[in-house]
1. When the residues of the range B:13-35 are filtered to those that are within 11 Å of chain A (Cβ to nearest Cβ) and within 10 Å of B:Ala80 (Cα to Cα), which remaining residue is surrounded by the fewest Cβ atoms within 10 Å (Cβ to Cβ)?
2. Just name the residue that is nearest to the chain's Cα centre (by Cα) out of those in the range A:78-87 that are over 21 Å from A:Tyr13 (Cβ atoms) and surrounded by fewer than 20 Cβ atoms within 10 Å (Cβ to Cβ).
3. What is the residue count in the range B:41-77 for residues that are buried (at least 21 other Cβ atoms within 10 Å of the Cβ) and over 23 Å from B:Thr111 (Cβ atoms)?
4. Going through the range A:150-164 one residue at a time, which ones are at the interface with another protein chain (Cβ under 7 Å from one of its Cβ atoms) and out of contact with any strand residue (DSSP E or B) (no Cβ under 8 Å at 6 or more places or on another chain)?
5. List the number of the failed condition for C:Leu178; all other conditions in (1) outside any loop (DSSP other than H, G, I, E, B); (2) away from chain A (no Cβ under 14 Å) hold.
6. Within the range A:88-95, is even one residue surrounded by fewer than 17 Cβ atoms within 10 Å (Cβ to Cβ) and modelled with pLDDT of 95 or more?
7. Being touching a helix residue (DSSP H, G or I) at 6+ places or on another chain (Cβ under 6 Å), within 14 Å of another protein chain (Cβ to nearest Cβ) and either buried (at least 24 other Cβ atoms within 10 Å of the Cβ) or closer than 18 Å to A:Thr184 by Cα (or both) is true for just one of A:Ala108, A:Ala128. Which residue is that?
Amino acid sequence: MGAPRMFSSTWFYAFDLFGTAVFAIAGALTAGRKGMDLFGVLVVALVTALGGGTLRDMILDHHPVSWIRDDTYILVACLAALGTVLWVRFTRPLPSTWLLVADAFGLAVFTVIGTEVALQHDTPISTAIIMGAMTGVAGGVIRDIICNEIPLIFHKEIYATACLSGAVCLVVLKPFGLPGALDTGLAMLTVLGIRLAAIRWHLALPRFQLLGDR
Amino acid sequence: MGAPRMFSSTWFYAFDLFGTAVFAIAGALTAGRKGMDLFGVLVVALVTALGGGTLRDMILDHHPVSWIRDDTYILVACLAALGTVLWVRFTRPLPSTWLLVADAFGLAVFTVIGTEVALQHDTPISTAIIMGAMTGVAGGVIRDIICNEIPLIFHKEIYATACLSGAVCLVVLKPFGLPGALDTGLAMLTVLGIRLAAIRWHLALPRFQLLGDR
Amino acid sequence: MGAPRMFSSTWFYAFDLFGTAVFAIAGALTAGRKGMDLFGVLVVALVTALGGGTLRDMILDHHPVSWIRDDTYILVACLAALGTVLWVRFTRPLPSTWLLVADAFGLAVFTVIGTEVALQHDTPISTAIIMGAMTGVAGGVIRDIICNEIPLIFHKEIYATACLSGAVCLVVLKPFGLPGALDTGLAMLTVLGIRLAAIRWHLALPRFQLLGDR
C-alpha cells in the first residue's frame, strides 16, 4: 500500500507486500459473498489492497502513488485474489483465525507506513494520526461501499481504534529517536495487540444509537 | 472546508470553521441513525465536513489540502461530533430547525469558497460553478454513500440548486469589482435564501421517474 | 473523459466527446430508474461521463484534469442528460440496442485514452493496462455506487474484460510503431468486438459464489 522511499529497506517492503496480499484476500472473500464474477473479485481485491494508500497519496500530493511505478503491488494483489478463488473453490474455506491475525498484521503495517508518510510531509501530528488510520482502514471501507454494505469497521469489534492507537504511539515515540526501528515496531505491536484482544474477547466501542426523530 | 489563502481574513476563516462544525454535526446525526459506533460517528462526521473541499482540492491539484496543514479543521469537526453524541445521549434531540438553518449557512460558505478556489485556478466559468456546488454538496453525498443510502440531495427539497444559484451569482458579480466582499456576501445570501425558502415551503425539483424498461 | 494533449487530433477529440455524451445518457437513465430529481440526474450523468478520467488523472497526477480547462466536456454531458430526460418524458424509451452499441464505442475510446495517458507517464505495462480499464469502467462503478446498487459490471455480461483486452492489445502493438493510429484503432476494435459479442450471446464470466462461512 505504498511504502515511502525511506522504507525501502527490504524488511519493510516485504511487510508491505504481505499486507497487500492479505488485504487482497479479504477483498476477494467479500466479493465472493456477493456472488461477483472473476473480474469483480479482482477489482474488489485491488481496491481493498491499494485503496487506502492511494487515497492517502492523492490527499497528500505524494506522487507517484506506489503501484504506479512498481507493479509488484498489482501482481501480488492479483495473485492473492486468484489464489483465494482457486483455493476456496477446490479445497475448503480458509481458516478464519489465521486470516484475522494476518489482517491485523497488514493493518499494523499500513497504519505505520501511513503515519510515516504524513509526517514526511510535515503535517501536524493530529493530521498524521488520521492519515495513518485512514491508510489502514480506507481500503476496507471502499470495499464495503462497492459491495453495498455499511462498512464493517463502523459497527463491529474495535478495528480503527487499534489503528489510531498505533499511530498515536508512533507519533509519541518518534521524538525520542529510539535506536533501530524500535518506535515503528512498538507502534505495530500496539495495533496488533489491541486488534487481537478485540477479536479474542469481542471488544466493541459503545454505539451511538439514535432513533426516529433527528 | 478549505478556505484558500485569499480568504485568510479572520471573518471568512471563522465562517469556514462554523460550516465545518455544522456539517460534522449533520454527519454525526446520520451515523447515529445507522447505529454506528463512536469511531464510525467520528469518521462520518469528518467525511461530511471535509469531504467536499478535499475532493475539490484533489481535482484542482490545489495543495496542500486545507486540513493537512491546519489541524484546526479536524479538531473542530471532532469536537462538534463528540458534542453531538453527548448532547443527544444526555439531554434531548437537537432542535431540527436550528440545524437546517445552520446547515444552509454552511452550504453558503462552502459554495462561495469552492467557486473562488476554482476561479483562482483559472477554470472556465461553468467549471467554477460546478466546483462551487460540488464543494457544498460532496461531503453530504459521500456521507450518504457510506451510510448506504441514496444521497438525500438527489430526491429531497431543493438543495444543490441553491448552491448552483449562489455560484452563478458570484461568477456574474465578480467582473463588476464590487467594494468589500459584497459579491461574496450576495452569493451567500442567494444560497441561504433559496435553501431556506425550499425548507419553509417544501419546494422540490420535478423528478425524472423512469419505470421498467430503459 | 480526458484526451491527453497528444490526442488533440480532431478525430480523437470528437470520439472523446461522443463517449462523454453516451456515458452521460447511461447515467441519466440509471438516475431516472431511481426516481431522482433533475439535479440528481445531472450529477449522476456528469459523474458517469467524467468520473473515470478524473480518477485516473488524480492517481497519475496528470493535471489539469481535462474538464477543468475545457468546459466542452461539461456542456456535452449536461446537454446529453437533459436531452435524455426530455426525450424519454415526451416521446418513448430510447432504443436499448443503439444505446448498448454506443456505450461499447464509448468504452473503447475511454480505454484507449486511459492506457495512452498512463503510458505517457512511464508506468509499467501492467499498470497502464489497469489504468486503461479503470478509465473505461470507473465512471459506471461510481454511478452504481451513488445509486446504491452493486456495480453492474461485476456480475453481468463481460464488460471490463473487454477493456482489459483492448488495453493489452494496445500495449502489445505499441512497440511495433504501426503507421497512422493503427494500433489505437485495433485496440478499439478489440474492445468493441468483445463487448458486442458478449451482449449478443450473453457471455458472462464465471461467478465466484461463496456462501455462508468465510
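The values are calculated or read from the model by the stated rules, or taken from the named source; none is laboratory data. Just so it is clear, the model here is predicted, and its values are computed rather than measured. Because the Cβ atoms are built from the backbone with ideal geometry, glycine has one as well, and the counts that use them run over all protein chains shown.
1. First pass over the range B:13-35, keeping only residues within 11 Å of chain A (Cβ to nearest Cβ): B:25-26, B:28-35.
In the following step, the residues that additionally are within 10 Å of B:Ala80 (Cα to Cα) were identified as B:25-26, B:28.
Values: B:Ile25: 25, B:Ala26: 27, B:Ala28: 33.
If we take residues in the range B:13-35 being within 11 Å of chain A (Cβ to nearest Cβ) and within 10 Å of B:Ala80 (Cα to Cα), then B:Ile25 is surrounded by the fewest Cβ atoms within 10 Å (Cβ to Cβ).
2. Once the filter is applied, the top-ranked residue is A:Leu82.
3. Of the residues in that region, 3 qualify.
4. Let us first name the residues in the range A:150-164 that are at the interface with another protein chain (Cβ under 7 Å from one of its Cβ atoms), namely A:150-151, A:154-155, A:160-161.
The answer is A:Ile150, A:Pro151, A:Ala160, A:Thr161.
5. Evaluating C:Leu178 over (1) outside any loop (DSSP other than H, G, I, E, B); (2) away from chain A (no Cβ under 14 Å) leaves (1) as the failure.
6. no
7. Working: A:Ala108 fails: within 14 Å of another protein chain (Cβ to nearest Cβ).
Being touching a helix residue (DSSP H, G or I) at 6+ places or on another chain (Cβ under 6 Å), within 14 Å of another protein chain (Cβ to nearest Cβ) and either buried (at least 24 other Cβ atoms within 10 Å of the Cβ) or closer than 18 Å to A:Thr184 by Cα (or both) holds for just one of A:Ala108, A:Ala128, which is A:Ala128.
Listed here are the residues, each with its yes/no results for (1) of a type in the set (S, T, N, Q); (2) out of contact with any Pro (no Cβ under 8 Å at 6 or more places or on another chain); (3) over 20 Å from A:Gly136 (Cβ atoms).
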| residue | (1), (2), (3) |
| --- | --- |
| A:Arg92 | no, yes, yes |
| A:Gly106 | no, yes, no |
| A:Phe110 | no, yes, no |
| A:Ile113 | no, no, no |
| A:Asp122 | no, yes, yes |
